[in-house]
Every structure is written in C-alpha cells, then in structure tokens.
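Taking it in order: structure first as structure tokens, then the write-up.
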Amino acid sequence: MALNLRQKQTECIIRMLNLNQPVNSTGTANKEVYKILIDDKLCQNILSSLIHFKDLRKYGVTLYFLIDKDRKPAHDVPAVYFVQRNQSNIQRIVADASRSLYDSFHLNFSASIPRPLLEDLASGTLNSDSIHKISKVHDQYLEFVSLEDNLFSLSQKSTYVQLNDPSAGDKEIEDIIERIVSGLFCVLATLAAVPIIRCPRGGPAELVASALDQKLRDHLLSKNKMFSESGSFASSFQCPILCMFDRNFELSAAIQHDFRYRPLVHDILGLKLNRLSVPGEKGGMKSYELDRSDPFWMANGSLEFPEVAVEIKTQLNTYKKDVDEVNRRTDLIGNTKHLMNAVNSLPELTERKQVIDKHTNIATVLLGEIKERSLDSYVKKENDMMVRGGFDRNELLAVLKGKGTKMDKLRFAIMYIISSETINPAEAEAVEAAIVESEVDTGAFQYVKKIKSLNVSLASANSASRNNIVDWAEKLYGLSISAVTAGVKNLLSSHRQLALTRTVEALMEGKPNPEIDSYLVFDPRAPKSSSGTRSSHLKGPFKEAIVFMIGGGNYGEYGSLQDLVRHQQPVKHIIYGNFNRNGVC
C-alpha cells in the first residue's frame, strides 16, 4: 500500500465540498447541491494545489470568496467554510451567521479547533440567535499543501532564523514546535498512518519528534477511528517511517546554486505554490502553472538546464513533423478517414504546442538570468570547492567581484566557509571584504564562520575541553555544533548522493549502521518507556518513508530522494515535506 498524500487530501477536500457526505465512484455527490465556498488565504492555497478553481463547478460550488471580504447575502444557498482555527475567523463566522448570509453553514477547520474557540463560536451564535444556522462543525486535519504527489509543505513562514536565534524566547520556540507538530499530525491523519519516528539527538528535530509522539499516543488512547486504517500497516509490519532532520544537518544543500530545471525555476523565477509569472515574448507578464498537469515539467524537472533546452528543441521538432503529417493527410482528396483523424488530432497538437511554448518562454528567461549573473560559473565553482575542500584565493575573489546578485555572492562566500577544511583568517577577511564591497549584509556569513570556527576548535580539543565548547556553543546558539557541521561535505556535485538521501536510505533499511545507530526512536504504539531511546537496529526494511526537514527544504533534496526511489529494488516510496510558506526554501 503506497502512501499517496495528494490523492488522499483531494478525496478529503471533495468529500468536504459535498457537505461531508459520501461521494460516488465518479468523485461527485449522489445528489448535487449548489453551494458557496468561503475560505481564508492558507486554505485557498491548500485547495488551489489540488483543484483548479475553474473546476469547482464540478462539485456544485457556484461562487467562492475569501472570508475577510465583504459579501452579499445568498439566503437560499448553503455555505461551506474552510478556514484556519483562529479568533478572527470565528468572529467573522459569527457575524455572517447573525446576518443570515446563507441558508446553512457547514464549518470545516483546517486543523482541530481548540475548545476555547469552539466555546466562542457557540456563545456568539447563541447570543445572536443564529446557532440554528450552523449545520455541522468538522475538524478536517488538512493544514498542509500538497505540491506534488510526493511533496508537501506546511506553508508557514520560514523558521530557520527563529530556531537558531540565541535570543529567541522559550514561548516563541514552543509556538513554532507546536505548529510543526500540528501540521505533521494533519499529514499523518490524512494518511491514516502511525509511523515509527527517527531523528538525530538534540535540536528542534528531537523536540518535534517527542511532541508528535505524545500527540499520536493521546489520540490512539482516545480510541477514535482517525487512524483505524493504519491497522493494515501494523498487521503486515509495514508501517511507514518518519525521518526528521534539522536544516543544519546539511546546510550546504540549502545554499549551493543548483543547475537543474526545477530548482532553477524556483530559485531564479520565484516559483511559488506551483505558479510563477515571467515576461512574455510580446511584453507584459505571462502566468504559468507547473504541476502534474504539465507532462514536460513532471518528466524533465530533475534534468540539468542544458538537457532541458535540448529536450524542448527535440519536442518542438517532433511537433513540427506531426503537424506536417496532419497537413499532408488533409491534402489527400476524398479520404474521409484521414480527414477525421487529422481533425481529432488537433486538440492534442494544440495542447502540446502550448506546453512547448510555455517552457520555451521559461527557458529563455532563465537563460537570460544565467548569462546576466554567470550562474553556470557559480554552480561549477561551488562544486569544485566542495570536492577539493577549498579554492584558489584569486579565483575566489574574482567570482565575488564579478557578476551576480548580492545573494549569489553571499551564498558563494558561505559555501567557501562550509567547504574549507580549515579557515585561513587572512583569506576569510579578504572574502568578507569582497562581499562588503558589494554591499552584502554579512550577518549570515559571520554566523556560519563562527559555527565553523567552533567546530574546528572542537575537533582539536581534548575530551574535557570539548564538552565545555559544546556546552558553550549550545547555550549561545541553541543548537548542537555537530548538527550544524554534519553536512559540511555532504553536497559534492549534482551527480553525488546527498547526506540526507544516504541517511534516509540507511534508516529505511533498518539495519545496524554506525551513521544512524545514535538516532532516537519514537514508536507511538510501543510502551511509553521505550520512546526517545537509541536503537542500534530496527526491524526493516521500510517500504515507505516520510522525510521532513525543519527549517526549510529545497528541490535539490526532493529530487535526490526521488532519484533514490527510482533506483531502488524492491520499489520504495518517499514523501518529502518542509515548513516553508513557498513550498521550499
């Protein structure tokens, strides 16, 4: 049984749109009811990644509005609300009900609504004599965005800075951890799966794993049917494994420039929630959707950019040949069969041409940015640095004083720090002076340099002083030095396996392995006393895994994990998730 998160979330959304009534085999309601959809921005993002708004009519939705917009009454029509559980949404629902905007209110919250908010809803509608308008209230556990079949985001503001800020208060950290736990619980509830949780010791990953383990235990003890389907996993010993990591596990993977198509489009053109806008050939902006409905995107997203350019040309030539063949057939006088075949092929040819034109335009804009910023040079030289463990000083400074944006130069300077075996103080000062000359904010550079220098000191210290350094660093930075530098040399080239991928592969194997033996194990179905323990081995192998990166993910890691899946026998299944609002960091 493969975990198909996108499919299951879509099924839940369709059922919700059908007033939480069962749907028939075609995915529509047995009895069509026309309705209005009210959502907030996050829930709109959740919906749009699964169902195009133009297709909502299939499910009886005639109009849709954001909850914070002024709306006119539709007294004889039911309304489906799909919103987050917060005070402002509750107040707006109460106000809408008191005005009798709609015939009935079907309330669906993206995650479990807390009792205080539920009481506010009840008291508000009672006081306005509108409680009879509330048909039902549902906790949907859908507070995540499925960007692809195997890629999801909790769609929240990036948390890396807060989690690594020594001045962050306990309450701030607790709030972030709670949001991550709530989002992951929604993912697991949608899958109806209770996983084995593995994570490195220390840092945010352990905090999230421990809190999620407790939340799952509480729900299992409540004997509700939320995870009833997961019995099939337990009986066949094929429950999935949830692997959690901090962003510092492999910081280089989030910083290095990537020359593959999907990461380039996201990094350079600002792909957000599978949508982007680029300048059109005739002026103005063109908006595109890049999702599973685009066969070229799905088939070629992991290719290097030059390979994508060749593939676009190949598909264009094939298209032209097919058009010529259609034209030749239509010229045959009196052959009705050929004429009908030509007519029937026109929609498919038109769709192919639209896809080719889309990616030709995107590739053209990308090529302009690559030339303008010398991105191919950044990619090559960063790979060289990671392989060689350093770089010639003159070449280093030449790059920093050459083409590229401020962010390009900052990322390159940080990659120099990460890749160096040891830091040459004079060289580091020259690098910093070069980026200051380009008016780059050096805060991130200073942070990584400090962490790296601490790690070098740690490596040369004796065991007694080593503990002092670790204690001091963890107190100062709120994280483990070993966690920050574990991925220092993990990202070599686009053809080498990432440390994240190697670790996930080892965790799925479930065999004794010195690289993962220290990882903690949380099994919500096992006795509480066994939670958070180290395990030298765990029965495996696991066929299915959910990999979650705390502090921001990236398309490079996602692509690497999917490459692992494609080359594994027997077939395995990996879902990759992160916290970021834009889908990846």
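General observations
Residue by residue, here is whether (1) surrounded by fewer than 18 Cβ atoms within 10 Å (Cβ to Cβ); (2) in the same structural domain as R179 (by the TED database); (3) among the polar types (S, T, N, Q) holds:
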site: D55; (1), (2), (3): yes, no, no
site: L66; (1), (2), (3): yes, no, no
site: K72; (1), (2), (3): yes, no, no
site: N89; (1), (2), (3): no, no, yes
site: A97; (1), (2), (3): no, no, no
site: F105; (1), (2), (3): no, no, no
site: N108; (1), (2), (3): no, no, yes
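- Top-ranked residue in the range 167-188 [being of a type in the set (G, A, S) and at pLDDT below 95; ranked as surrounded by the most Cβ atoms within 10 Å (Cβ to Cβ)]: A168
- Taking first residues from the range 542-566 that are touching a residue at least 12 places away in the same chain (Cβ under 8 Å) and part of a helix (DSSP H, G or I) and partners that are open to solvent by 10 Å² or more (accessible area, probe 1.4 Å) and acidic (D, E), the Cβ contacts under 7 Å between residues at least 6 apart in sequence or on separate chains come to G556/D258; L564/E505.
- Scanning the range 147-162 for residues that are crowded, with 22+ Cβ neighbours inside 10 Å, small (G, A, S) and farther than 17 Å from F109 by Cα returns a single hit, S153.
- In the set (1) free of Cβ contacts under 8 Å to residues at least 40 places away in the same chain; (2) surrounded by 15 or more Cβ atoms within 10 Å (Cβ to Cβ); (3) outside any helix (DSSP H, G or I), K286 fails one condition alone, (1).
- Filtering the range 322-330 for residues that are of a type in the set (K, R), over 26 Å from L367 (Cβ atoms) and either at pLDDT below 70 or not assigned by the TED database to the domain that holds W297 (or both) leaves an empty set.
- The set of residues in the range 406-420 being at pLDDT 95 or above and either of a type in the set (D, E, K, R) or in a loop (DSSP other than H, G, I, E, B) (or both) consists of K406, D408, K409, R411.
- Here the range 239-268 is the region considered, the condition is being out of contact with any Pro (no Cβ under 8 Å at 6 or more places or on another chain) and among the aliphatic types (A, V, I, L, M), and the residue that is surrounded by the fewest Cβ atoms within 10 Å (Cβ to Cβ) is I268.
- Scan of the range 554-571 for residues that are modelled with pLDDT under 90 and of a type outside the set (A, V, I, L, M, F, W, C), ordered by number: R566, H567, Q568, Q569, P570
- Of the numbered criteria (1) at pLDDT below 95; (2) open to solvent by less than 50 Å² (accessible area, probe 1.4 Å), the one V208 fails is (1).
- Number of the exception - S130 against (1) over 28 Å from the mean Cα position of the chain (by Cα); (2) open to solvent by 80 Å² or more (accessible area, probe 1.4 Å): (2)
- Residue under evaluation G202, criteria (1) in contact with a helix residue (DSSP H, G or I) (Cβ under 7 Å, 6 or more places away or on another chain); (2) among the small types (G, A, S); (3) closer than 24 Å to Y81 by Cβ, criterion not met: (3)
- Being assigned by the TED database to the domain that holds S560 and either open to solvent by 10 Å² or more (accessible area, probe 1.4 Å) or not in a helix (DSSP H, G or I) (or both) is a description that does not apply to S123.
- Picking from residues in the range 367-405 that are among the acidic types (D, E) and in a helix (DSSP H, G or I), the one that is surrounded by the most Cβ atoms within 10 Å (Cβ to Cβ) is E382.
- Qualifying positions in the range 133-146 - closer than 13 Å to A111 by Cβ and buried (at least 22 other Cβ atoms within 10 Å of the Cβ): Q140, L142, E143, F144
- Against the test of being of a type in the set (G, A, S), assigned to a helix (DSSP H, G or I), under 19 Å from the mean Cα position of the chain (by Cα) and within 26 Å of L19 (Cα to Cα), the options A97, A189, A111 yield a single qualifying residue, A189.
Yes/no per residue for (1) in contact with a Gly (Cβ under 6 Å, 6 or more places away or on another chain); (2) hydroxyl-bearing (S, T, Y); (3) at pLDDT 90 or above:
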site	(1), (2), (3)
A499	yes, no, yes
E509	yes, no, yes
P524	no, no, yes
T533	no, yes, no
L538	yes, no, no
P541	yes, no, no
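- Output for the range 37-53, where each listed residue is farther than 16 Å from Q9 by Cα, open to solvent by 10 Å² or more (accessible area, probe 1.4 Å) and not in a helix (DSSP H, G or I): D40
The values are calculated or read from the model by the stated rules, or taken from the named source; none is laboratory data. Here the structure is a predicted model, which is why all the values come from computation and not from measurement. Note that we place each Cβ from the backbone using ideal geometry, even for glycine, and neighbour counts take in every protein chain shown. For the accessible areas, the whole protein counts, side chains as well, though only heavy atoms, and no ligand, DNA or RNA atoms are used. Shrake-Rupley method; radii C 1.70, N 1.55, O 1.52, S 1.80 Å.
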